[in-house]
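Q: Please see the structure below; I have some questions.
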Amino acid sequence: LLARGIGRQHEIAVRSAMGAGRLRILAQLLTESLGFALAGGVLGIVLAIVGVQAFELWNPGDIPLVERVMVDARALTFALVVSLLTGVLFGAAPALQAFRLNVSQVLKDGGRTGRGAHRGRLRSTLVAAEIAIAVVLLAGAGLLFNSFLRITSVRPGFDAEHLAGVELRLGGSRYGEQERVQFVRRLLPRIAQIPGVRAAAVSMSVPFQFYGSVRRGWMTSRFVNDEGVAIDQATQMQPVTPGFFATIGVQLRGDDLGTRAPTEVPMPAVVSQSFARRLFGSRDPMGLVFRGVRSDGQQEDMRVIGVASDLHHWGLDQAPDPTIYLPWERVGASMGMHALGVRSDGDPAELLPALRAAIWETDPDMPLPDLFTVPQRMAQSVASPRFYSVLLLSFAAVALALAAGGIYGSMLYTVGRRRHELGIRAALGADRARLMRLVLWSGARVTAVGVVLGVLGALLATRVLRSMLFGVSAGDPLTLAAVASLMGVVAMVASLVPALRAARANPLEAMRVE
């Protein structure tokens, strides 16, 4: 609106020369500006309503009070007031400036002299600011989207497809150690009888039952290897029943715990690859004996009977914990936290009602607060990164469209103002390619300034995203280069139509005006 109003100073001078008063001119400009502003406000309200609906649809589930987000009377009033103020401000400013014009000089120039250099600088500054804002938003969206792609490309280390889980509440006064053992011994054969069940096992937790910063389990931090070397390594201790590795889909080298007697001494153990490397280095750990030292000073000798692949138990963005798998009846039955993992032949969600019924047949009083499928939990674990990347990408797309429109309008206006000059250049021998380069170069300079400012702003603004990024730095040069290149391409496309118009400049028209 500001650029459009400034560009009409010749028209304002003509109207003033014909007797139009200042109030009449001001009223005309304000009417036009308010029309544009209100139209933009209405369009913004429509986009806001659609955006709120999309916001609720894409909500990752961890945003509090999201159900209260709506476009209500206060939001509509705010949008109306902002639209009116925008129309008044950017409609009145050029009019007030035009009142100080030398009418005779403007009429003599015919609106085609270079006296409006400061106006061109103002337009260029506004367009460069739009480009800079678009670059900052695009950089943030690019980083979040890049991070999301990296998270979703992480291999979990187990076969998550067709895997379901159930939290088992075996605590309280009703369950002692022997009661838990008897319950699990009755439950697993009953689960195996359900049509579509391929394997089932009990452990302390199923992968992705908890994810992110929520971790529940038994950890031990100090170990002594077979050579007597003590090593401090926080390690997840996972008591499991026979068949756990086949149920979860973990690659196993060696023996399953079900092939050994739980009372065997030293205690049989399956270790993860990362734990084996940490404790034994490059040596083959199979058959080696090591000792675990608990925080209370208790010690337990364990013999490695198998090595399992590392798995992302707590989330794709969480590094795999070194893990030791132990016989459940020997060390797990004394604990109160347990989970049932079930592998199905088809959709695991279809098994959940049958699993609930089988558990209640074994214990009708068993509370079942959490029945889930692992693919669903994995999708939930990346819901927030996906949501924020899509949200910021939407803002960036709007900013990019505004920047492209600003470049297009500015270049089109500039070509119109310089039509006489371009005609003279054509008459003096400038070909169409040269005239196009003239306009494109003008757009490229404004774009370059905006991109440089935007990249500098992005380097500062994206620091707040560090905690939300995975596998990519806040100042990732590839992302910034891609954003700068995209902005350059969009700017050149937006400048292309005005450049083609400049190439069609008519030298005869310029001479006729002279």
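The values are calculated or read from the model by the stated rules, or taken from the named source; none is laboratory data. Computed from a prediction, not measured in an experiment: that's the story for all the values here. Positions of Cβ are backbone-derived with ideal geometry, glycine not excepted, and every protein chain shown enters the neighbour counts. Surface accessibility is based on the protein's heavy atoms, side chains included, excluding ligands, DNA and RNA. Shrake-Rupley method; radii C 1.70, N 1.55, O 1.52, S 1.80 Å.
Q: I'd like the residue in region 147-181 that is outside any loop (DSSP other than H, G, I, E, B) and touching a Ser or Thr at 6+ places or on another chain (Cβ under 6 Å) and, out of all such residues, is farthest from Ser384 (Cα to Cα).
A: In this case the residue turns out to be Glu177.
Q: Let me ask you something else. Tell me which residues, restricted to region 268-284, are open to solvent by 30 Å² or more (accessible area, probe 1.4 Å), in a helix (DSSP H, G or I) and farther than 15 Å from Phe245 by Cβ.
A: From region 268-284, those open to solvent by 30 Å² or more (accessible area, probe 1.4 Å) are 273, 277-278, 281-284; that's our starting set.
Checking the rest, the ones that are also in a helix (DSSP H, G or I) come to 273, 277-278.
Arg277, Arg278 - these are the residues of region 268-284 that are open to solvent by 30 Å² or more (accessible area, probe 1.4 Å), in a helix (DSSP H, G or I) and farther than 15 Å from Phe245 by Cβ.
Q: Within region 82-98, is even one residue under 31 Å from the mean Cα position of the chain (by Cα), closer than 28 Å to Leu392 by Cβ and modelled with pLDDT of 75 or more? Before you say what the answer is, go through the steps one by one.
A: First, pick out the residues of region 82-98 that are under 31 Å from the mean Cα position of the chain (by Cα): 82-83.
Now drop any that are not closer than 28 Å to Leu392 by Cβ, which leaves 82-83.
Restricting the remaining residues to those that are modelled with pLDDT of 75 or more gives 82-83.
Taking every residue of region 82-98 in turn, at least one turns out to be under 31 Å from the mean Cα position of the chain (by Cα), closer than 28 Å to Leu392 by Cβ and modelled with pLDDT of 75 or more.
Q: Inside region 257-267, can you point out the residues that are in contact with a strand residue (DSSP E or B) (Cβ under 7 Å, 6 or more places away or on another chain) and not in a helix (DSSP H, G or I)? I'd like the intermediate steps shown before the answer.
A: Start the filter on region 257-267 by keeping residues that are in contact with a strand residue (DSSP E or B) (Cβ under 7 Å, 6 or more places away or on another chain), which leaves 257, 260, 262, 266-267.
The answer is Arg260, Pro262, Pro266, Met267.
Q: Restricting the search to region 144-185, which residues are surrounded by fewer than 20 Cβ atoms within 10 Å (Cβ to Cβ) and of a type in the set (Lys, Arg)?
A: Arg150, Arg155, Arg169, Arg174, Arg185
Q: Consider only pairs whose beta carbons are under 8 Å apart and that are at least six residues apart or on different chains; among these, list those whose first residue lies in region 360-378 and is open to solvent by 60 Å² or more (accessible area, probe 1.4 Å) and whose second residue is of a type outside the set (Ser, Thr, Tyr) and assigned to a loop (DSSP other than H, G, I, E, B).
A: Between residues of region 360-378 that are open to solvent by 60 Å² or more (accessible area, probe 1.4 Å) and residues that are of a type outside the set (Ser, Thr, Tyr) and assigned to a loop (DSSP other than H, G, I, E, B), the close pairs are Trp360/Met366; Trp360/Leu368; Asp365/Arg174.
Q: Now for a separate question. Only one of Gly315, Gly292 is open to solvent by less than 10 Å² (accessible area, probe 1.4 Å), out of contact with any His (no Cβ under 7 Å at 6 or more places or on another chain) and assigned to a strand (DSSP E or B). Can you tell me which? Break it down stepwise before answering.
A: On the way: Gly315 fails: assigned to a strand (DSSP E or B).
Only one candidate passes the filter, namely Gly292.
Q: Filter region 194-212 down to residues that are among the hydroxyl-bearing types (Ser, Thr, Tyr) and assigned to a loop (DSSP other than H, G, I, E, B) and give me whichever is least open to solvent (accessible area, probe 1.4 Å).
A: Restricting attention to region 194-212, the residues satisfying the condition of being among the hydroxyl-bearing types (Ser, Thr, Tyr) are 203, 205, 211.
Those still in the list that are assigned to a loop (DSSP other than H, G, I, E, B) too: 205, 211.
Working: Ser205: 1, Tyr211: 74 Å².
The selected residue is Ser205.
Here's the yes/no breakdown for (1) surrounded by fewer than 15 Cβ atoms within 10 Å (Cβ to Cβ); (2) under 18 Å from the mean Cα position of the chain (by Cα); (3) closer than 30 Å to Gly44 by Cβ:
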position	(1), (2), (3)
Ala397	yes, yes, yes
Ala403	no, no, yes
Leu412	no, no, yes
Leu422	no, no, no
Arg432	yes, no, no
Val452	no, no, yes
Arg463	yes, yes, yes
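Q: Pairs please, first residue from region 429-443 and within 10 Å of Met492 (Cα to Cα), second anywhere and open to solvent by 40 Å² or more (accessible area, probe 1.4 Å) and assigned to a helix (DSSP H, G or I), Cβ atoms under 8 Å, 6+ apart in sequence or on different chains.
A: Partner pairs satisfying both residue conditions: Leu440/Met492; Leu440/Leu496; Gly443/Met492.
Q: Check whether at least one residue in region 288-306 is within 38 Å of the chain's Cα centre (by Cα) and at pLDDT 90 or above, and report yes or no.
A: no
Q: On to the next question. Looking at region 295-311, which of the residues that are assigned to a loop (DSSP other than H, G, I, E, B) and either in contact with a helix residue (DSSP H, G or I) (Cβ under 9 Å, 6 or more places away or on another chain) or aliphatic (A, V, I, L, M) (or both) is most open to solvent (accessible area, probe 1.4 Å)?
A: So the residue we want is Asp310.
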